[in-house]
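A single structure is presented below for examination.
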Amino acid sequence: MTEVMTVEAADPAASARRESPPSMIERMTLILDAFNGPSARLTLEDVARRTGLPRSTAHRILDQLVRQRWLAHHSFGYGLGRRALGLGGRDGGHGKIREAAAPLLHELQVTTGLVAHLAVLDGPEIYYLDKLGGRLAASVPSRVGGRAPAHCTALGKAMLAWLEPEQVDALLGHEITRFTNRTIGELGTLHQELHRVRQRRGLAFERGESYPGIACVAAAIRGAEGPVAGISLVGDIRAPLENVAPLVVTAAREASQTLFPGSAPGTRGGGRAPARARRSGTAGTARESTWSPETMNRLLAVDGRGDWM
């Protein structure tokens, strides 16, 4: 007893820790402090070891931090999320993405007269980084800094298509919401659509899934770890998007090459398709700057219903 009292007198902090466990805020701070840089990647075991927290406690708090976007959960571990990166004046690379895509978005908008978007995937949603619209801008319900569900937007599907199926399930959860009578409302159906996106060389379409009367075509900008952003063109439901789809793919490819010089999508350093797509040979992206009507018809026909999802 005398020895214990002596230790406590010498170290009052040790006594306080014994009397009351760390608060939730203290435990969250311990976990965030375990990440020593914006590119740090830690497993659950790494976090438990560095913080001294029980594995079950660390896992529960990690889940909460991911839901609140302080952390992001990747297939290769946990990393700092958009909120944590923003605290230090960093934007998670969004500035570089916007800089690379800006002239391409401008050219798309001027050439087609449609609304051009740039967005990133942020959990189960897309986050708009840029919007160029001309006279149609007011009719498209999106804004820079705004969000939309990933599963019912062409931009979201273009990026989700290059994730592993397990990652898609983890991001979206077990249930996905219908917003119109054309929204995909089941994960199984969504996975079928993502497979069709890969078959179409990365082209994703949406017609009235998020908002009635709006149609969209998108393609992903891909990096070494997968999709980093997406580019889209949006018009009304009657817009002949098959005519402008090659321009979107070309813009996404050029943005990828600007961000990751010397690499091409689908090759080392340029982003990898999901393992199932690599095994089935559907991981390629469009290499042509323009496609013939026959090629475009074949790409769109993989839906099997003569309609865009």
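The values are calculated or read from the model by the stated rules, or taken from the named source; none is laboratory data. On a predicted model such as this, the values are computed, not experimentally measured, just so you know. Positions of Cβ are backbone-derived with ideal geometry, glycine not excepted, and every protein chain shown enters the neighbour counts. Areas reflect the complete protein model, heavy atoms only, side chains present, ligands, DNA and RNA absent. Shrake-Rupley method; radii C 1.70, N 1.55, O 1.52, S 1.80 Å.
For segment 149-160, in order, what is each residue's ³J(HN,Hα) by Karplus, 6.51 cos²θ - 1.76 cosθ + 1.60 with θ = phi - 60°, in whole Hz (x at glycine and Pro)?
Computed from phi, the couplings for segment 149-160 are x, 5, 6, 10, 10, 4, 4, x, 5, 4, 7, 4 Hz.
Let me ask another. Can you work out the base-10 log of I(q)/I(0) for segment 54-193 at q = 0.11, 0.16, 0.21 1/Å, using the Debye formula on its C-alpha atoms alone?
Debye output, listed in q order: -0.49, -0.98, -1.37.
For labels at Arg135 and Thr177 in the simple 7 Å Cα→Cβ model, what's the distance in nm?
Each label point is offset 7 Å from its Cα along the Cβ direction, giving 3.4 nm.
Tell me, what ³J(HN,Hα) does each residue in segment 237-244 have, in order and in whole Hz, if you take phi through Karplus 6.51 cos²θ - 1.76 cosθ + 1.60 with θ = phi - 60° and put x for Gly and Pro?
4, 8, 4, x, 5, 4, 6, 9
Taking amide H positions as placed 1.01 Å from N in the peptide plane, with prolines and chain starts having none, which residues 5 or more places from Glu125, or on another chain, fall under 5 Å of its amide H?
It is Ala150, by chain and number.
What percentages, rounded to whole numbers, describe P(r) for segment 143-218 computed over all alpha carbon pairs with 10 Å bin width beginning at zero?
Computed distribution, short to long bins: 20, 57, 23, 0.
Same structure, new question: Does a label point 7 Å from the Cα of Glu107, set along Cα-to-beta-carbon, have any residues of segment 236-260 with amide nitrogen under 19 Å, and which are they?
Within reach of a label on Glu107, which here means backbone N under 19 Å from a point 7 Å along Cα→Cβ, segment 236-260 contributes 243-260.
Taking a spot 7 Å from the Cα of Val144 along the direction of its beta carbon, which residues of segment 205-246 have an amide N less than 19 Å from it?
229-234
Using modelled amide H (1.01 Å from N, peptide plane; none on Pro or chain starts), what sits under 5 Å from the amide H of Ala40, excluding residues fewer than 5 places away?
Those lying under 5 Å, H to H, from Ala40 are Leu80.
Amide H to amide H under 5 Å from Ala119: which residues, 5+ apart in sequence or cross-chain, H placed 1.01 Å off N in plane?
Those lying under 5 Å, H to H, from Ala119 are Leu129, Gly230.
Continuing with this model, one more query. Taking all protein chains in place and a 1.4 Å probe, what share, in percent, of the accessible surface of segment 106-251 do carbon and sulfur account for?
Working: 2760 of 5540 Å².
On segment 106-251, the fraction of accessible area on carbon and sulfur atoms equals 50 percent.
At 0.36 nm per residue, minus the direct Cα-Cα distance, what do Ala170 and Asp46 gain on full extension? Give it in nm, one decimal, please. If you can, show how the numbers build up before the last one.
Numbers: separation 124, 0.36 × 124 = 44.64 nm, distance 2.05 nm.
Answer, rounded to one decimal: 42.6 nm.
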